[in-house]
Amino acid sequence: IDGDLVGIVGDSWFLKTDPVSVTWHSTNGVKKEYHKEIVSTLLKDVEDLDSSTITTSSSYFYGKLIARAARLALIAEEVFVFDLIPKTKIKKFLKETIEPWLDGTFNGNGFLYDHKWGGIVTKQTCADSNDWIGSEFYNAQLNHLGYFLYGIAVLVKLDPDWGRNYKPRAYSLMEDFMNLSKCLNPNYTRLRCFDLYKLHSWAGGLTEFADGRYQKGTSEAINAYYSATLLGLAYGDANTVAIGSTLTAFEIKAAQMWWHIKEGGNMYEEDFTRENRMVGLAWSNKRDMELWFGYLGARQCLLGIQVLPLLPISEVLFSDVEYVKDLVEWALPALESDGVGDGWKGFVYALKGIYDKDCALETIRKLSGFDDGNSLTNLLWWIHSRG
């Protein structure tokens, strides 16, 4: 199922990948003539930030709201208007949403250390709620912790004093999945989710499935290691930057190999390759085009779940323009179906912006809703920062 096995004779393995540049901002930046439109939506999105209106206690969906706000701060830096927006409001929002989780005072949920398995879990369990993400079974561990780490990394960048105070707790979240040595740090297992043979992470934790382990959102796994790398940058920790950027590079390579189905590729059977451009769930024993949510054939979801969250590192993940064009053309017809939300449409149009900026911009401006981890400001930043 993973292609041909090739035997190699040797005494040791040395893993090496092309280096990935982890940056806070886009590679090309945003030209000055596009700043006005971004700033207009940025001011509105910042003004709407209010931690008291958050109703979810899910660590996953709560984390996405934190990361969404953190994006606004970095976009403000990139378009050079940080002095013109209420900087203190972004910092206030990030502190009000992050600190209760790190202090253990958040009402309805919180992070706990599990001595049995050596990791971070949440108070909510599968039996108590629909929040299976980040549960006691370590399912989708990278998904929710990655969003929290992104917000924490940005807040450390904005407020180094805050960062020094909360560094032990921030590193606890990071070391849950990026601990490289049990000898140096026995509190956490070694590379909890990452498979050094497959060179990608698994979302399945302790739960047993008929088809083995699974991985759904490669982009959210990339986000976790990318965010850990940013945390290292914020703290000036070269070791964390080295480990995080290496794992980010491996995850990107694996996503492009196993999940991105290119026309004429020989990874999968001809019939499967002809019909599909993105794998939904990769299992140990099968490839699945049906996700945990949505419906069979929901191509906008199959694309979107491998794109979100939209970040500067997304440029590297989707660097093959010909593949991106093929993928978008494959997904676009699905947007005509009844009931397709604008949140999913936003990710399809975002990728279209890689090769057709004008058309993508026109459609994005007409959207009335966005994924809870995304915003109009973030989409405009993405389109206007394309080459």
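Some observations on this one:
- Long pairs among Lys253/Lys357; Lys89/Lys357; Lys31/Lys216; Lys31/Lys91, criterion Cα-Cα beyond 30 Å: Lys89/Lys357; Lys31/Lys216
- In this structure, the residue pairs whose Cα-Cα separation is over 29 Å, taken from Lys16/Lys286; Lys64/Lys87; Lys157/Lys325, are Lys157/Lys325.
- Packing, as the average of other Cβ atoms within 10 Å across residues, places the peptides 297-308, 10-21 in the order 297-308, 10-21, highest first.
- You can think of it this way: the chain between Thr23 and Ile1 has 4.4 nm of extra reach, that is 0.36 nm per residue less the Cα-Cα gap.
- Taking every alpha-carbon pair within the chain, the share separated by more than 26 Å comes to 51 percent.
- For the range 245-293 and the range 1-43, distance of Cα centres in Å: 17 Å
- Around the Cα centre of the range 133-259, unit charges on the Cβ atoms of Lys, Arg, Asp and Glu (plus for the first two, minus for the last two) sum to a dipole of about 200 debye.
- Put the Cα centre of the range 358-383 next to the Cα centre of the range 102-119 and the gap is 35 Å.
- Membrane-span-like helices in the chain, defined here as complete DSSP H runs extending at least 27 Å along the helix axis by their C-alpha atoms with mean Kyte-Doolittle hydropathy no lower than 0.0, are 59-78; this is a sequence and geometry rule, not a statement about a membrane.
- Cα gyration tensor category, rounded, prolate or oblate, for the range 1-157 with a/c compared to 1.5: oblate
- Label-to-label distance, Leu15 versus Asn239, with points set 7 angstrom from Cα along the beta-carbon direction: 1.8 nm.
- Using Cβ point charges alone (K and R +1, D and E -1), the dipole size of the chain about the Cα centre works out to roughly 940 debye.
- Sites Phe272 and Tyr197, calculated FRET efficiency, Cβ-Cβ separation with R0 25 Å, nearest 0.05: 0.60
- Using a Förster distance of 41 Å, the FRET efficiency for Met289-Ser40 (Cβ separation, nearest 0.05): 0.55
- Projected over every direction and averaged, the convex hull enclosing the alpha-carbon atoms of the range 149-258 yields 7.4 nm².
- Subtracting the Cα-Cα distance of Lys182 and Asp338 from their residue separation scaled by 0.36 nm leaves 51.1 nm.
- Placing R0 at 22 angstrom, the Cβ-Cβ distance between Thr105 and Asp48 gives a FRET efficiency of 0.35 after rounding to 0.05.
Read-outs: derived from the displayed coordinates by stated rules, not from any lab. Note that the coordinates shown come from a computational prediction; the quantities given were computed from them, not determined experimentally. Cβ coordinates were reconstructed from backbone atoms using ideal geometry, including for glycine residues, and neighbour counts include every protein chain displayed.
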